[in-house]
Amino acid sequence: MEKKKITIGITGLNNIDSPGPGIPVIRGIKESDAFDVRIVGLAYENLEPGIYMKDLVDKAYLVPYPSSGADEYLNRIFEIHAKENLDLIIPNFDAELYTFIKNSKKINEKGIATFLPTIEQFEERHKAKLPDFANKYNVNVPKSFTVLTTKDILNVEALIGYPFFVKGKFYEAYKVHNREQALFYFAKLEAKWGLPVVIQEMVSGTEVNVVALGDGEGNTVAAVPMRKTYITDKGKAWGGITIKDEKMLEITREIIAKTKWRGGMELEMIKTKDEKYYLIEINPRIPAWVYLAVGAGQNIPEALVKLALGFDVKPFDEYKVGKMFIRYSYDLIGDVSQFAQINIYGEL
């Protein structure tokens, strides 16, 4: 069977200590039996490692941050599209999804496919709205509080006591043990990601995650659970192992069925000693550890591409338990001329 030639724009090329999902997404797509893929990397910084990974990224362009405004951002995307004839774009950062979702019609009219959650799906699973989400869809969550001022922190500490987690609007979470730490990380996260900052009760147990894919009709196309085996100081999984956990999968399928989730997602949970599951976060896109799912037999990036392009996709019904991933550092050697080119011309 001849592979279909397609060109895909992909963000999230910052494969560093807090890695973006772009590189593992590309790895999954490159292994596809259905597509002959040309990858166009969309980078926000000139030192994102993916720019220089020639075996994975065929062409790279610098794009402005979405915070620069939707018009400027989309104009750059369409400028790249005019050169590359993109069939599909897969955005991989929470902070850019709003722009893509709100402008999906305009993007699709240019002939670029996307496969993203609706704005309603995206908004209701925000960290600040997690208690409402829990009530609506009948799931357990830790006590969570939206914090707008330092005075709010004093009110929260009286209700739940220390330790607890201070979480940024989009990314980053810090476990704090006293008021000084809470105030410090509140200021740091407010400056970096804006308000609100979220305080979440600490629930003791094992950190477990599920990477999943919904078809937008309520069906779970793919779902692979894993347990973190190594966690960085930023709370990122640096190692993990696929596990057999039907209860986690049941929770995932129910959430996708009730929300009719469209696209990739990650459910972050705590499993307590008494076998209760607490949902602590829903990330509205494919996570950076997705290549573990590929290794376990569910190529979620490829399946997302197929759904976006209108292919029939049969749900995966199994995965390999006991598959493990470990991240590692690797020195990528390039030339200063490459750095100059991406800086001067905005493409490489």
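The values are calculated or read from the model by the stated rules, or taken from the named source; none is laboratory data. On a predicted model such as this, the values are computed, not experimentally measured, just so you know. Ideal geometry is used to build each Cβ from the backbone, glycine not excepted, and the neighbour counts take in all protein chains shown.
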Wholly inside segment 117-181, helices (runs of 4 or more DSSP H) that include 2 or more residues that are closer than 30 Å to G216 by Cα and not assigned by TED's automatic domain parsing to the domain that holds P91 are 119-124, 130-137
Exception for F316 within (1) surrounded by fewer than 19 Cβ atoms within 10 Å (Cβ to Cβ); (2) over 30 Å from Y44 (Cβ atoms) falls at (1)
In segment 60-80, is there at least one residue being in contact (Cβ under 8 Å) with a residue 40 or more places away in the chain, assigned to a helix (DSSP H, G or I) and under 19 Å from S104 (Cβ atoms)?
yes
Say whether the condition of being under 19 Å from the mean Cα position of the chain (by Cα), part of a loop (DSSP other than H, G, I, E, B), within 21 Å of L130 (Cβ to Cβ) and of a type outside the set (S, T, N, Q) is met by at least one residue in segment 237-254.
no
I'm trying to understand the selection: among the residues of segment 210-234, which are crowded, with 22+ Cβ neighbours inside 10 Å and either out of contact with any strand residue (DSSP E or B) (no Cβ under 9 Å at 6 or more places or on another chain) or not hydrophobic (A, V, I, L, M, F, W, C) (or both)?
G214, P225
In segment 299-348, the residues that are touching a Gly at 6+ places or on another chain (Cβ under 8 Å), more than 25 Å from L86 (Cβ to Cβ) and assigned to a loop (DSSP other than H, G, I, E, B):
F316, E318, Y319, K320, K323, R327
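Kindly evaluate K260 against the criterion of being out of contact with any helix residue (DSSP H, G or I) (no Cβ under 7 Å at 6 or more places or on another chain) and farther than 15 Å from A134 by Cα.
Details: out of contact with any helix residue (DSSP H, G or I) (no Cβ under 7 Å at 6 or more places or on another chain): yes; farther than 15 Å from A134 by Cα: yes.
The answer is yes for K260.
Just to be sure, is P117 buried (at least 17 other Cβ atoms within 10 Å of the Cβ), of a type outside the set (K, R) and in contact with a strand residue (DSSP E or B) (Cβ under 7 Å, 6 or more places away or on another chain)?
The answer is yes for P117.
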Go through the residues of segment 235-242 one by one and say whether even a single one is touching a residue at least 12 places away in the same chain (Cβ under 8 Å), surrounded by fewer than 18 Cβ atoms within 10 Å (Cβ to Cβ) and among the aromatic types (F, W, Y).
yes
Pairs under 8 Å by beta carbon, first residue within 27 Å of E250 (Cα to Cα) in segment 309-336, partner in a loop (DSSP other than H, G, I, E, B) and among the charged types (D, E, K, R), six or more apart or different chains?
V321/K244
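Going by the conditions given, is L195 out of contact with any helix residue (DSSP H, G or I) (no Cβ under 7 Å at 6 or more places or on another chain), in a loop (DSSP other than H, G, I, E, B) and not assigned by TED's automatic domain parsing to the domain that holds P21?
Numbers: out of contact with any helix residue (DSSP H, G or I) (no Cβ under 7 Å at 6 or more places or on another chain): yes; in a loop (DSSP other than H, G, I, E, B): yes; not assigned by TED's automatic domain parsing to the domain that holds P21: yes.
So L195 fits the description; yes.
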(1) modelled with pLDDT under 95; (2) of a type outside the set (D, E); (3) part of a helix (DSSP H, G or I); (4) surrounded by 15 or more Cβ atoms within 10 Å (Cβ to Cβ) all hold for V203 apart from (3)
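If I go through segment 74-108 residue by residue, how many of them are small (G, A, S) and either crowded, with 17+ Cβ neighbours inside 10 Å or under 23 Å from the mean Cα position of the chain (by Cα) (or both)?
To start, the set of residues in segment 74-108 that are small (G, A, S) comprises 82, 95, 104.
Then keep just the ones that are either crowded, with 17+ Cβ neighbours inside 10 Å or under 23 Å from the mean Cα position of the chain (by Cα) (or both); that gives 95, 104.
Residues flagged as small (G, A, S) and either crowded, with 17+ Cβ neighbours inside 10 Å or under 23 Å from the mean Cα position of the chain (by Cα) (or both) within segment 74-108 amount to 2.
What number of residues within segment 277-295 satisfy the criterion of being of a type in the set (S, T, Y) and either at pLDDT below 95 or under 23 Å from D132 (Cα atoms) (or both)? It would help to see each step written out before you state the result.
Within segment 277-295, the subset of a type in the set (S, T, Y) is 277-278, 291.
This time we only want the ones that are either at pLDDT below 95 or under 23 Å from D132 (Cα atoms) (or both), so: 277-278.
Going through segment 277-295 one residue at a time, the tally reaches 2.
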Can you tell me which residue within segment 324-347, out of those that are closer than 12 Å to L47 by Cα and among the aliphatic types (A, V, I, L, M), is surrounded by the most Cβ atoms within 10 Å (Cβ to Cβ)?
I342
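Condition check ((1) among the aliphatic types (A, V, I, L, M); (2) outside any strand (DSSP E or B); (3) more than 21 Å from I107 (Cα to Cα); (4) at pLDDT 95 or above) across all residues:
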| position | (1), (2), (3), (4) |
| --- | --- |
| N14 | no, yes, yes, no |
| D17 | no, yes, yes, no |
| G20 | no, yes, yes, no |
| I23 | yes, yes, yes, yes |
| G28 | no, yes, yes, yes |
| R38 | no, no, no, yes |
| G50 | no, yes, yes, no |
| K54 | no, yes, yes, no |
Answer residue from segment 163-200, given it is farther than 24 Å from R227 by Cα, touching a residue at least 24 places away in the same chain (Cβ under 8 Å) and not aliphatic (A, V, I, L, M) and is surrounded by the most Cβ atoms within 10 Å (Cβ to Cβ) among those
F186
